[in-house]
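Everything below concerns the one structure shown next.
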Amino acid sequence: MSKPAILQARGLSKRFGAFTAVQDIDLDVAQGSIHALVGPNGAGKTTCFNLLSRFLPASGGTITFDGHDITAASPTAVARLGLVRSFQISATFAHMTLLENVRIGLQRPAGLAWQFWASPRRLRVLDERAMHYLELVGLAARADEWAVNLPYGHKRALELATTLALEPRLMLLDEPTQGLGHEDVERVTELIARVAQGRTVLMVEHNMSVIARICDRVTVMQRGRKLAEGSYAEVAANPEVMSAYMGEATEESAA
């Protein structure tokens, strides 16, 4: 990699009793890149993602973020360092406006993290920046609407705006296009590419057309191990990768 790694894993492993879900994973995520973690169903992608974001404790190995050893850190501690993640299920405050949702993300950097019930006048100082992030994801015109009224694709966009409000140095996006229709997939893909400018993104994603369009580097997992790594063109041409995906398709068709 030409750019230094902002996130590194060495020998990362996770065991659940006798079952090893992730085994000896080495990973380098270059600063300023969009890096995808992919693989057939059951490959260990989500477990690896949960280890990197510290939502699961590792059974072995080390994780370093921006020079800090975060192997035993809490999710809150790594978020404060600038490693922020989203989840497969859209997580927004349904009965708050879009502006209020993003403003909550801004309260911690502004030193107002615990003042959830403060007078709206005290929080209006954050409105301009909240509108900036809503503008970035194309939702500024709906700032005063309740989040519950948004279509699913727009909720994904709101979640991105809230994630950006936390001022992440690295965004971990978990299946950002899952459950979206074709038009929304296109919209969210373009959105990720736009907000990634000047930032680093690590994403778990099944949609290979999305990965081909926006990802700089791809790590392929199979049965808990790293199978291949490189550009999309390199991993797509790898015979072992093709066999892994073809095998999954064959098993599904036979089921």
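The values are calculated or read from the model by the stated rules, or taken from the named source; none is laboratory data. Given the structure is predicted, the values throughout are model-derived calculations rather than measurements. Note that we place each Cβ from the backbone using ideal geometry, even for glycine, and neighbour counts take in every protein chain shown.
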Residue list for the range 168-190, restricted to those being within 21 Å of N101 (Cβ to Cβ) and either in contact with a Gly (Cβ under 7 Å, 6 or more places away or on another chain) or polar (S, T, N, Q) (or both): P168, T177, Q178, L180, D184, R187, V188
Scope the range 82-140; condition at pLDDT 80 or above, under 21 Å from R169 (Cβ atoms), in a loop (DSSP other than H, G, I, E, B) and of a type outside the set (G, A, S); matching residues: V137
Residue identified as more than 20 Å from the chain's Cα centre (by Cα), within 26 Å of K3 (Cα to Cα) and modelled with pLDDT of 90 or more among V220, V148, V210, V235: V235
Answer residue from the range 167-185, given it is surrounded by fewer than 22 Cβ atoms within 10 Å (Cβ to Cβ) and closer than 20 Å to R54 by Cβ and is nearest to the chain's Cα centre (by Cα) among those: D174
Subset of the range 194-222 (residues that are assigned to a loop (DSSP other than H, G, I, E, B) and without any contact (Cβ under 8 Å) to a residue 60 or more places away in the chain): Q197, N207
Residues of the range 223-233 that turn out to be on the phi < 0 side of the Ramachandran plot and in contact (Cβ under 8 Å) with a residue 12 or more places away in the chain, as a count: 7
L158, sole failed condition from (1) more than 16 Å from the chain's Cα centre (by Cα); (2) within 14 Å of E100 (Cα to Cα); (3) at pLDDT 85 or above: (1)
The range 164-187 - residue that is of a type in the set (D, E, K, R) and in a loop (DSSP other than H, G, I, E, B) and, of those, modelled with the highest pLDDT: R169
E190 being at pLDDT below 90 and either under 16 Å from G32 (Cα atoms) or in a helix (DSSP H, G or I) (or both): no
Single residue of the range 38-64 satisfying the filter (in contact with a helix residue (DSSP H, G or I) (Cβ under 7 Å, 6 or more places away or on another chain) and assigned to a loop (DSSP other than H, G, I, E, B)) that is farthest from H206 (Cα to Cα): A58
Verdict on E205 being under 28 Å from K14 (Cα atoms), in contact with a helix residue (DSSP H, G or I) (Cβ under 9 Å, 6 or more places away or on another chain) and acidic (D, E): yes
